[in-house]
Amino acid sequence: MIRMKDVSKVYDAGVLALDRVNLEIRKGEFVFVVGPSGAGKSTLIKLLYRQEVPTEGQVVVAGNDLGTMRRREIPYFRRKIGVVFQDFKLLYDRTVAENIAFALIVTGAAGRDVIRRVMQMISVVGLKGRQNAYPNQLSGGEQQRVAIARALIRNPEILLADEPTGNLDPKTSLEIFRLIERANIYGTTVVVATHARHIVDSMRKRVIEIKSGSVVRDDRRGAYDR
Amino acid sequence: MRTSLAGYLLGETGKSIWRNKLSSLLSCGTTALALFLLGVAFIINLNLGFMFQVVQKQMEIQVYLDKELSEDAYAEIYEAVKAMPGVAEVKYVSKADALEELKEMFRDKASVLEGLGEDNPLPASVRVNMVEAAMIPETVAAIEQIPGVDDVEYQAEAASRLASLGRVSQAVSLGGMAVVGLVAIMVISNSIRLTVDAKRHEIAIMKLVGATDELIVGPFILTGIVLGVLGGVFGASLAIGLYSWVVSTIQELLPFVPILNLTVETAVDMLIVMLSTGVVVGVLGSTISLRRYLRV
Ligand SMILES: Nc1ncnc2c1ncn2[C@@H]1O[C@H](COP(=O)(O)OP(=O)(O)OP(=O)(O)O)[C@@H](O)[C@H]1O
Ligand SMILES: [Mg+2]
């Protein structure tokens, strides 16, 4: 599902963010990406949804070679990927339901069943009854649920999350990870960059550790620390 | 909740115009001014055509004859002119006829003519109507060669003066339109840029969830078009309204000036031209501000 071959990323400023990274993630896997601040976790995630392009090497995601992908193909590729961030990236002038429906409407998937699908997703992420609330009327955890609902509404093949619980307390974080795990159980490949030590330790999933742009560890059922 | 793509496009367009009321108004205003000037040029053009027609119909060559010649000599000249190719009608006006006409013209103001006394200062003349206006300059040149012809006057001179006057005023209004049109494009572009800036976050999310560039820029282009068309409607109304007023005023005060009544068909033509120009202005304005964004 995901393959990185000798991938290096040098930012304009000359910063080497990733240094000859090789990895393979199969369909249906759940992968944690851990490492100290500045290690290159976000860079790795950004390469996976083609927010950034590799300076060297090859990135293949869901059958697309992202290095050679044409500009106009990017939107269609992105529809196969759901992305969740630490800061939720919601639209604050739109309700919960509108935020989730947004992903369908602006990709032309609009139709009669939009409302039905959105309501169903709202109940999946545990926000039943809050569909008409605005994001600033919700707690951080609830906002992240909205973001996850938006990421999942198109049934993506891959769910990417960059520190999805960075702004949340431990209990709420756990709930969010339960939700992400649920998507994984239904078949979505999941890659999560995180600092949530306790959760990584309790979930016992594959752990890839990055340090200074290099993969230093890749454990099948790993913990946050070696 | 709006769930259709069309609803989304229209909703976003409406919102972006409403949220930037002031710059939207400014965009509409400058577009309206540009299109108003286009309308003025359009009307001038229509009237020139019309005036040429009128003038050509009335075109008559006035051949003034030497005062010292005899009636026989006058008759000879008359015959010579009549024999020229392309001449449709010739009329001889004697000195007495000319005075009679003048008296007729100033019937109410007999005092004006009192000073003339017994002396008739008016020359005898021959009036020529041509089959075709294009033959006039040639014919005039030939008539001037006839001995005993003092002076030749014809309205084609007026026509050519009219034409150059028309050309100048047309150039001025078109030039004005071009300048104001460019300003309108810039103002619209600026207005759209404000919206784009205000919506950076939203655009980023659209890209994230896989919206195509076309869809992302759609509302902005549509906003430009709406502003351009609104400007067009105002500009056209202004031009048409003002013109109707001018026509009625002129017909009242200067009834002999040929001026074209704006028919429904021409008004519609004008509206089409102006609204399409409005669309072009709007599209240009919005694409300029999106160009940089589109390349990203
Ligand atoms: N757009 C950019 N331009 C220049 N340098 C960048 C850019 N983005 C990241 N970097 C640099 O690349 C390196 C890796 O950054 P990255 O954001 O991938 O780290 P991270 O592992 O996600 O860190 P954190 O845990 O703090 O989020 C850092 O040194 C960072 O300063
Ligand atoms: Mg990061």
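The values are calculated or read from the model by the stated rules, or taken from the named source; none is laboratory data. Remember, it's a predicted structure, so these values are computed and weren't measured experimentally. Here the Cβ is made from the backbone with ideal geometry for all residues, glycine too, and neighbour counts use every protein chain on show.
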I'd like to verify a number: residues in the range A:136-178 that are within 16 Å of ligand 1 (Cβ to nearest atom) and not assigned by TED's automatic domain parsing to the domain that holds A:V192, how many?
0
Quick one: which helices (runs of 4 or more DSSP H) lie wholly within the range B:136-243 and hold at least 3 residues that are away from chain A (no Cβ under 14 Å) and more than 25 Å from A:V106 (Cα to Cα)?
B:136-145, B:156-198
All but one of (1) within 16 Å of ligand 2 (Cβ to nearest atom); (2) under 30 Å from B:E12 (Cα atoms); (3) part of a loop (DSSP other than H, G, I, E, B) hold for A:G38; state the number of the condition that does not hold.
(2)
Output the residues belonging to the range A:76-98 that are at the interface with chain B (Cβ under 7 Å from one of its Cβ atoms), among the basic types (K, R) and not in a helix (DSSP H, G or I).
A:R79, A:K89
Selection count, the range A:97-129, where residues are in contact (Cβ under 8 Å) with a residue 24 or more places away in the chain and either touching a strand residue (DSSP E or B) at 6+ places or on another chain (Cβ under 7 Å) or within 15 Å of A:L179 (Cβ to Cβ) (or both)
7
If only one of A:E142, A:E163 is within 16 Å of ligand 2 (Cβ to nearest atom), modelled with pLDDT of 95 or more and not hydroxyl-bearing (S, T, Y), which one is it?
A:E163
A:S173 is checked against (1) in contact with a helix residue (DSSP H, G or I) (Cβ under 9 Å, 6 or more places away or on another chain); (2) of a type in the set (G, A, S); (3) touching a residue at least 40 places away in the same chain (Cβ under 8 Å); (4) not in a strand (DSSP E or B) and fails just one. What number does that condition carry?
(3)
Within the range A:146-155, is there a residue that is within 14 Å of chain B (Cβ to nearest Cβ), at pLDDT below 95, surrounded by fewer than 18 Cβ atoms within 10 Å (Cβ to Cβ) and more than 16 Å from ligand 2 (Cβ to nearest atom)?
yes
I'm trying to understand the selection: among the residues of the range B:244-275, which are among the aromatic types (F, W, Y) and modelled with pLDDT of 85 or more?
B:W245
Can you tell me which of (1) within 14 Å of another protein chain (Cβ to nearest Cβ); (2) touching a residue at least 40 places away in the same chain (Cβ under 8 Å); (3) loosely packed, with under 14 Cβ neighbours inside 10 Å is the one A:R72 doesn't meet?
(2)
